[in-house]
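Asks: Pasting in a structure now, in structure tokens, and then I'll have a few things to ask.
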Amino acid sequence: MATSSPEDTYSRFRLHLQGSFSSQEEKETFLRRFEAAKQLLAPGCKRNATISVLSTLLDRVLTQPENVQASNSRTSYSRNEMMLDSAGIYTGDEDASDQDLFVVERKTFKSLCSGLVQQCGCLSNPSWTIASFIKRGHVARVQFVCPHCKQSRVWASSRVLAGHYLANQKLVHAFTCAGMLPRQYMNFALFAGMGVVKQKCISSVYLNQRYQQVVADVAEESMKAAVERWVITDARHDSTSNAYHSTVPCLAGSTHRIVGISTLSRQQHRVVQTREVACTKIVLPQVIARGLNITEVAHDYQATIKLYVRQLGMVNSYDTWHGTKNVAKQLRRICAARCTKVHLYWCMRNCGGNPVRLRAMIMNISKHFQGDHQSCSSESPCQQPGYVPKRKPLTMPAAISAYEAALRKTLIYKNADSCHLCRDTYWVESFNHQLLTYLPKRIHFHTKTFEMRMNLAVMDWNENCQRMATSHHEYTDVRRPDHHSTYNVLVKKTYRFVNNIWSMYVLRNITSQQILQDDEDDDDMVLPYDAAMYDGDYVDSEDDDYVCSEDDLEPWLQLALDGLV
């Protein structure tokens, strides 16, 4: 009988694994971690302990779902990470393609997780399942039921403030401050499937919850600024013809901040042509009543406003653009009107605030074109050696007489006492351009809504009108190749006024907490047992809201029951 040799009895297949380390310290750290893994995965195993550890790790990895293996490229394979990864992969199935979204507060989400960790009184496991899911605007109202004892609990993804869900009010506040129209917001929310706060709730927030009054108060606070001597006024109508609302803002000439604003509707003042004067007579006393030191008012060419400003004991100034806009029409048949406009602007800027000198400099334009440069400025090109005029000089007495008569008929010459300070009102035009974000002229708003959106535009302007420029870009208009302009690239806008409005809105409504009965016509009404009352901690915190779907609750429910959250 053949006997086996000791070599055959103890023959083995060996596998050598080689590892490289950058330092001795890294090698010792790896060996310590590997010894700790041996104690956990292969306790008491003295022979082939390394193979036992590797086999256990391979078994755990290969028994996981395929989608986790494909998506998880990290080296950690804890149970909660694998569940989150599998829940976050969209597979394109029809059931999940049209799932509704809802908004959840961070605090209510933490309350949900902590509540689900607690077992039911019957100590069953799992103890809670989702029985019903109801949407109220952007808020989800979920009922959890114990499958054994049938005990139920109700959870809402938002707390309650003054009878409405806080998240719904926050989104009404958000789309309002963004300048969106209610219909634009409703279409956006509808297409996203995240629920819609209906018009009844929006009107309740604006009126019953005093949101419009809060916006007016915050805007009034933003208009309290020091004014240095002069202000700018100009009218803005809400449509091109037969306007229903007319507004006159009052801007500080030095800081360009709005320090007062007045709006009149057709019901308050029927005639559109005289509504600017009526608004100016409201806004100027309003600014003066705040104790601001105003000595000059710049505006468009309005003779009635000029008389009213002088009655108040202030200096009247006309806008330079309105003073020269008709010069081209008046001088078209006599000479090159564009050159005359340039000279008129130069005269207003360099007259030193003296009306008599302004008139003299205007009449010197005629002498300049005749070739007489004795009264011209020493800095002018005509005073430099070798100067050659680009145009033929005026020599005919009839042409000179007609040109001088046209200069005397210009608005600047006749109103030199209102043009000698060279004021511009284009900052009001810049504000009117920004105003289109909140009040587009194609939409006619109710007076209360018009005033609220106007106040939002005022706060936005006052916060960002003094932004610094990060760089300057030059561009040339293809229609005017000889006209070169500089475009300032400004720093990013800020929106601190949005947080100021929300903080004041919460503080005013936190004292009037009430729970309303459920109403079938209003998706935002709250049942008495739905959610916790909002206690105002949001004012001083930077809490976040999240958007998730109904299917997202299932994996989080399982995580909470397993004690992983």
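Asks: What number of residues in the stretch 311-323 are farther than 15 Å from residue 424 by Cα and touching a strand residue (DSSP E or B) at 6+ places or on another chain (Cβ under 6 Å)?
Replies: Residues meeting the conditions: 1.
Asks: Mind listing whichever residues of the stretch 134-191 are buried (at least 24 other Cβ atoms within 10 Å of the Cβ) and of a type in the set (Lys, Arg)?
Replies: Selection gives 136 alone.
Asks: Residue 274 fails exactly one of the following numbered conditions: (1) farther than 30 Å from residue 301 by Cα; (2) of a type in the set (Ser, Thr, Tyr); (3) surrounded by fewer than 22 Cβ atoms within 10 Å (Cβ to Cβ). What is the number of that condition?
Replies: In the conditions (1) farther than 30 Å from residue 301 by Cα; (2) of a type in the set (Ser, Thr, Tyr); (3) surrounded by fewer than 22 Cβ atoms within 10 Å (Cβ to Cβ), residue 274 misses (1) alone.
Asks: So, one more: I'm told residue 204 meets every condition in (1) under 21 Å from residue 502 (Cα atoms); (2) open to solvent by 20 Å² or more (accessible area, probe 1.4 Å); (3) among the hydroxyl-bearing types (Ser, Thr, Tyr); (4) touching a residue at least 40 places away in the same chain (Cβ under 8 Å) except one. Can you identify the failing condition by its number?
Replies: It is condition (2) that residue 204 fails.
Asks: Tally up the residues in the stretch 456-495 that are part of a strand (DSSP E or B) and either open to solvent by less than 80 Å² (accessible area, probe 1.4 Å) or closer than 17 Å to residue 218 by Cβ (or both), please. If you could, list the steps in order and put the result at the bottom.
Replies: First, pick out the residues of the stretch 456-495 that are part of a strand (DSSP E or B): 469-477, 480-490.
Restricting the remaining residues to those that are either open to solvent by less than 80 Å² (accessible area, probe 1.4 Å) or closer than 17 Å to residue 218 by Cβ (or both) gives 469, 471, 476-477, 483, 485, 488-490.
Total satisfying the criteria: 9.
Asks: Among the listed residues 87, 49, 70, which satisfies the condition of being closer than 30 Å to residue 14 by Cβ and modelled with pLDDT under 80? Step through it out loud before you land on a result.
Replies: On the way: 87 fails: closer than 30 Å to residue 14 by Cβ; 70 fails: closer than 30 Å to residue 14 by Cβ.
Sole residue among the options that is closer than 30 Å to residue 14 by Cβ and modelled with pLDDT under 80: 49.
Asks: Could I ask something else about it? Working only within the stretch 416-449, note down all residues that are hydrophobic (A, V, I, L, M, F, W, C) and in a loop (DSSP other than H, G, I, E, B). Quick ask: steps written out before the conclusion?
Replies: The initial filter retains those residues of the stretch 416-449 that are hydrophobic (A, V, I, L, M, F, W, C), namely 416, 419, 421-422, 427-428, 431, 435-436, 439, 443, 445.
Within the stretch 416-449, 421, 422, 436, 439, 443, 445 meet the criteria.
Asks: Follow-up question, since we're still on this one. Considering only the stretch 428-455, state which residues are hydrophobic (A, V, I, L, M, F, W, C) and open to solvent by 10 Å² or more (accessible area, probe 1.4 Å).
Replies: Of everything in the stretch 428-455, those that are hydrophobic (A, V, I, L, M, F, W, C) and open to solvent by 10 Å² or more (accessible area, probe 1.4 Å) turn out to be 436, 443, 445.
Asks: Identify, from the list 402, 406, the residue that is in contact with a helix residue (DSSP H, G or I) (Cβ under 9 Å, 6 or more places away or on another chain), small (Gly, Ala, Ser) and either touching a residue at least 12 places away in the same chain (Cβ under 8 Å) or crowded, with 19+ Cβ neighbours inside 10 Å (or both).
Replies: Working: 402 fails: in contact with a helix residue (DSSP H, G or I) (Cβ under 9 Å, 6 or more places away or on another chain).
Being in contact with a helix residue (DSSP H, G or I) (Cβ under 9 Å, 6 or more places away or on another chain), small (Gly, Ala, Ser) and either touching a residue at least 12 places away in the same chain (Cβ under 8 Å) or crowded, with 19+ Cβ neighbours inside 10 Å (or both) holds for just one of 402, 406, which is 406.
This table checks each residue for (1) within 28 Å of residue 250 (Cβ to Cβ); (2) touching a strand residue (DSSP E or B) at 6+ places or on another chain (Cβ under 7 Å); (3) without any contact (Cβ under 8 Å) to a residue 12 or more places away in the chain.
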residue	(1), (2), (3)
288	yes, yes, no
302	yes, no, no
308	yes, no, no
332	no, no, yes
340	no, no, no
348	yes, no, no
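Asks: A follow-up question, please. If a residue has to be part of a loop (DSSP other than H, G, I, E, B), out of contact with any helix residue (DSSP H, G or I) (no Cβ under 8 Å at 6 or more places or on another chain) and open to solvent by 30 Å² or more (accessible area, probe 1.4 Å) to count, how many in the stretch 213-265 make the cut?
Replies: 9
Asks: Something else about it: Taking the stated definitions as given, is residue 425 buried (at least 19 other Cβ atoms within 10 Å of the Cβ) and under 30 Å from residue 244 (Cβ atoms)?
Replies: yes
Asks: For the stretch 267-283, how many residues meet the condition of being farther than 14 Å from residue 250 by Cα and either among the polar types (S, T, N, Q) or not in a helix (DSSP H, G or I) (or both)?
Replies: The qualifying residues number 8.
Asks: Scanning for something open to solvent by less than 40 Å² (accessible area, probe 1.4 Å) and not hydrophobic (A, V, I, L, M, F, W, C), does the stretch 384-391 turn up at least one residue? It would help to see each step written out before you state the result.
Replies: Looking only at the stretch 384-391, we keep the residues that are open to solvent by less than 40 Å² (accessible area, probe 1.4 Å), and these are none.
Within the stretch 384-391 (the criterion being open to solvent by less than 40 Å² (accessible area, probe 1.4 Å) and not hydrophobic (A, V, I, L, M, F, W, C)), the answer is no, since none of the residues qualifies.
Asks: Any idea which of (1) open to solvent by 60 Å² or more (accessible area, probe 1.4 Å); (2) at pLDDT 65 or above; (3) not small (Gly, Ala, Ser) is the one residue 38 doesn't satisfy?
Replies: Every condition holds for residue 38 apart from (1).
Residues checked against (1) within 20 Å of the chain's Cα centre (by Cα); (2) modelled with pLDDT under 90; (3) closer than 28 Å to residue 339 by Cβ:
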residue	(1), (2), (3)
434	yes, no, no
455	yes, no, no
458	yes, no, no
462	yes, no, no
469	yes, yes, no
483	no, yes, yes
491	yes, no, no
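Asks: While we're here: Which ranges mark the helices (runs of 4 or more DSSP H) fully within the stretch 284-383 that have 2 or more residues being modelled with pLDDT under 85, surrounded by fewer than 13 Cβ atoms within 10 Å (Cβ to Cβ) and not hydrophobic (A, V, I, L, M, F, W, C)?
Replies: Hits in the stretch 284-383: none.
The values are calculated or read from the model by the stated rules, or taken from the named source; none is laboratory data. A quick note: this is a predicted structure, and the numbers were derived from the prediction, not measured. With ideal geometry, Cβ positions are generated from the backbone for all residues, glycine too; neighbour counts draw on all protein chains shown. Accessible surface is based on the protein model in full, side chains and every heavy atom, while ligands, DNA and RNA are left aside. Shrake-Rupley method; radii C 1.70, N 1.55, O 1.52, S 1.80 Å.
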